[in-house]
1. Residues that are within 26 Å of residue A:458 (Cβ to Cβ): list the helices (runs of 4 or more DSSP H) wholly contained in segment A:70-140 that include at least 3 such residues.
2. Among the residues that make up segment B:62-71, is at least one of them facing another protein chain (nearest Cβ under 10 Å) and surrounded by 18 or more Cβ atoms within 10 Å (Cβ to Cβ)?
3. Go over the candidates B:18, B:28, B:6 one by one and state the one that is touching a residue at least 60 places away in the same chain (Cβ under 8 Å) and of a type in the set (A, V, I, L, M).
4. If I filter segment A:2-21 down to residues being at pLDDT 90 or above and more than 15 Å from residue A:362 (Cβ to Cβ), which single residue comes out as surrounded by the fewest Cβ atoms within 10 Å (Cβ to Cβ)?
5. List the number of the failed condition for residue A:95; all other conditions in (1) within 14 Å of chain B (Cβ to nearest Cβ); (2) farther than 22 Å from residue A:202 by Cβ; (3) touching a residue at least 40 places away in the same chain (Cβ under 8 Å) hold.
6. Run down A:232, A:149 and say which single residue is more than 14 Å from every other protein chain (Cβ to nearest Cβ) and outside any helix (DSSP H, G or I).
7. When you scan segment A:38-53, do you find a residue that is basic (Lys, Arg), surrounded by fewer than 24 Cβ atoms within 10 Å (Cβ to Cβ) and within 13 Å of chain B (Cβ to nearest Cβ), even just one?
8. Name the residues in segment A:333-351 that are within 14 Å of another protein chain (Cβ to nearest Cβ) and assigned to a loop (DSSP other than H, G, I, E, B), would you?
Amino acid sequence: MLAAAWFFQGTNTRLSLNPVDLIIIVLYFVLVLGLGLYLRKFTTTGEEFFMAGREMTAWIAGLSFISANLGSLEMMGYAAATYQYGILVAHAYWIGAIPAILFLGLVMMPFYYICKTHSVPGYLMLRYGDGARLLSAISFAVMTILMSGINMYSMAIIMKVILGWNIHFSIWVSSLTVALYVMAGGLLSAIFNEVLQFFLIWIGCLVIPVVGLIETGGWAGMVHRIQTNFPGQDFIHMWSTTGSFTGNPMGVHWTGIVFGWGLAISFGYWTTDFLVVQRVMAAKDLRSAQLGTVIGAFFKMMVPLIVILPGLLALAVLPFHLVPESQGGIPNAHTYNEALPLMLARYCGPGLLGLGVTALVAGFMSGMAGNVTAFTTVWTYDIYKPYIRKNAADSHYVSMGRWCSFLGVFVSIGTAYLVMNFSSIIVYAQVIFVFFIVPMFGTVILGMLWKRTTPAAGFWGLLAGILTSFGLWAWVKFDPSALRHVAFSPDAKDMAENVYRAMWSLIANVVVTVAVSLFTRPKPEHELKGLVYGMTDLAPEGHFPFFRRPITWAAAVAVGFVLLNLLFW
Amino acid sequence: MEKHFIPIWFFIGSLLTIYGVLILASGIYELFAPPTTPVAMSHLHIGIWWGCGMLLLGLAYVFRFRPKGKDV
């Protein structure tokens with residue numbers, strides 16, 4: 001999806017904004033800056049600045065949890081992928097997210113929350129010691145800043161193409177706005193803006209499926225039009241075409257979807273990426289953190305309404321076929337990546353178009369703010385405090401956090417310009433991200449569920465997973481025929497290769513972690529309290545009525561998840 | 001002293017109210033001065049419906065979560 005921005009430069013879509021559209025966009029910037037400045041007086045301690053005081057309600061934690069993930073680049077990229085691969089892309093929102101999010105909420109959140117750690121690397125420190133913490137903190141910090149810059153560059157490119165805005169103007173205005181409100185209000189400001197972004201994205205983008213389904217005469221009418229426009233191609237089944245690698249547009253087998261996408265990648269991301277986990281760790285109590293996670297799962301499950309459905313509607317209603325990015329330079333041609341902007345332009349008049357553009361801008365800015373706040377917390381608590389300046393006053397670390405936020409944004413701007421000149425970085429960034437995030441899941445979950453896991457195993461298992469992922473990627477890069485071994489098919493597309501590589505790295509992580517644990521010494525049990533299953537006092541929920549228990553709502557979401565998969569089988 | 005900030009829902013309601021007014025006004029204006037190149041399905045006047053909806057939702061949030069005495 002990150003490659004979308006790289007290829008966007010040859011596209012032809014141009015949206016014309018009216019004065020009312022511009023007013024709507026400007027008002028958004030005024031509000032986010034004002035919110036940041038207002039919230040500054042409530043973020044004077046480290047706990048307030050880095051963890052929003054751990055006072056967030058379940059709804060705020062949950063909506064910001066899902067908004068931190070719901071970036072505009074992803075939205076545009078998945079709408080484009082839907083145009084190319086059909087409803088199969090919804091796996092990213094269902095099996096690729098829901099089981100992992102519910103697992104995070106019900107199984108892992110108690111350990112994250114009870115140990116009162118500030119970050120995921122912080123949990124690794126408590127559980128395994130310095131080695132695992134430092135490896136994860138450095139890799140996370142580097143990746144987060146890189147992703148922040150890529151987000152900013154991608155936004156600037158997309159705004160240039162669809163609105164004609166100057167790239168430098170987009171980068172600097174948005175970045176400085178983010179810098180100011182994050183520097184002022186820390187995580188609290190970022191969370192507030194993410195909740196705001198959630199409303200804007202839904203209200204701004206819901207116009208497309210509502211009007212689109214009216215135009216096509218409902219779902220059946222849309223399917224009929226797709227089959228008329230693209231005879232012989234199946235865009236509307238999620239599982240029935242995955243019995244073979246060649247039976248579906250994506251070239252993926254169901255084993256890859258379930259074990260690669262559904263297990264390795266999704267669990268790796270949703271349970272250990274501090275960018276999203278930090279939001280629910282800021283909840284006011286454990287039950288709110290768990291409920292917030294379940295709320296996030298519900299809305300994640302609904303996202304296909306505003307991302308996948310517009311992609312399908314584009315297949316049905318656009319009077320021309322979109323082309324791959326490689327053909328984007330053809331005059332009057334529109335690429336897959338223009339699916340969402342084209343649908344916005346199709347249905348949104350003055351005002352609504354400004355709202356849609358504001359939603360996209362908000363998505364990019366929230367993504368950058370989320371990356372910067374996560375980076376700031378990991379830098380301050382997992383690198384600066386333990387290795388550079390120990391035992392300083394809390395106010396010192398708050399100052400470090402504020403300046404780190406500001407400098408982090410500038411480093412992101414630098415990354416954005418670096419990517420502008422070396423755009424292949426985008427292609428590698430997402431691949432590199434998977435190198436680190438999937439093995440992290442194996443290390444964290446074994447640490448939480450098996451008290452026999454040793455500190456040495458935590459480090460070596462994590463390293464083994466990272467090196468396995470990198471090694472397999474390099475093997476396929478230099479010998480494309482290796483794809484039949486890594487992804488079980490020489491026809492596997494990039495997305496399929498990623499999911500299988502993730503699966504192998506997780507297996508390597510688990511095998512090495514278990515093996516090293518059997519030959520090294522574990523921590524004494526008294527040091528594992530609050531960190532491991534069986535050594536943690538989990539508050540009973542029996543006194544709560546069933547409708548106030550997280551597991552009840554998690555079960556409801558799980559039932560919904562199953563029904564949706566059956567409905568679109 | 002415990003600090004109480006104005007709930008985020010109030011700010012969201014305020015923004016939705018203003019946006020609702022702007023979009024509703026645009027929609028009504030288009031009724032009397034239709035654009036030369038209208039969007040698809042323009043006969044639905046979706047701007048009016050959406051603007052109304054946002055305005056009502058915004059006002060509901062503003063009244064429900066308006067600052068109370070202890071909020072600073």
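1. On the way: elements: A:72-85, A:98-103, A:109-114, A:120-128.
The helices (runs of 4 or more DSSP H) meeting that bar are A:98-103, A:109-114, A:120-128.
2. The answer is no; no qualifying residue exists.
3. Numbers: B:18 fails: touching a residue at least 60 places away in the same chain (Cβ under 8 Å); B:28 fails: touching a residue at least 60 places away in the same chain (Cβ under 8 Å).
That would be B:6, the only listed residue that is touching a residue at least 60 places away in the same chain (Cβ under 8 Å) and of a type in the set (A, V, I, L, M).
4. Filtering segment A:2-21 down to residues at pLDDT 90 or above leaves A:19-21.
Retained after the next criterion (residues that are more than 15 Å from residue A:362 (Cβ to Cβ)): A:19-20.
Working: A:19: 10, A:20: 21.
Taking the candidates together, the pick is A:19.
5. (1)
6. Values: A:149 fails: outside any helix (DSSP H, G or I).
None of the others qualify; the one that does is A:232.
7. Taking segment A:38-53 as the starting set, the residues that turn out to be basic (Lys, Arg) are A:40-41.
Add one more test, that the residue is surrounded by fewer than 24 Cβ atoms within 10 Å (Cβ to Cβ), and what stays is A:40-41.
From what's left, within 13 Å of chain B (Cβ to nearest Cβ): A:40-41.
Checked against the condition, which is being basic (Lys, Arg), surrounded by fewer than 24 Cβ atoms within 10 Å (Cβ to Cβ) and within 13 Å of chain B (Cβ to nearest Cβ), segment A:38-53 yields at least one hit.
8. To start, the set of residues in segment A:333-351 that are within 14 Å of another protein chain (Cβ to nearest Cβ) comprises A:341-351.
The answer is A:348, A:349, A:350, A:351.
The values are calculated or read from the model by the stated rules, or taken from the named source; none is laboratory data. Everything quoted here is computed from the prediction, not taken from an experiment. Counting neighbours? That spans all protein chains shown, and the Cβs are built from the backbone with ideal geometry, glycine included.
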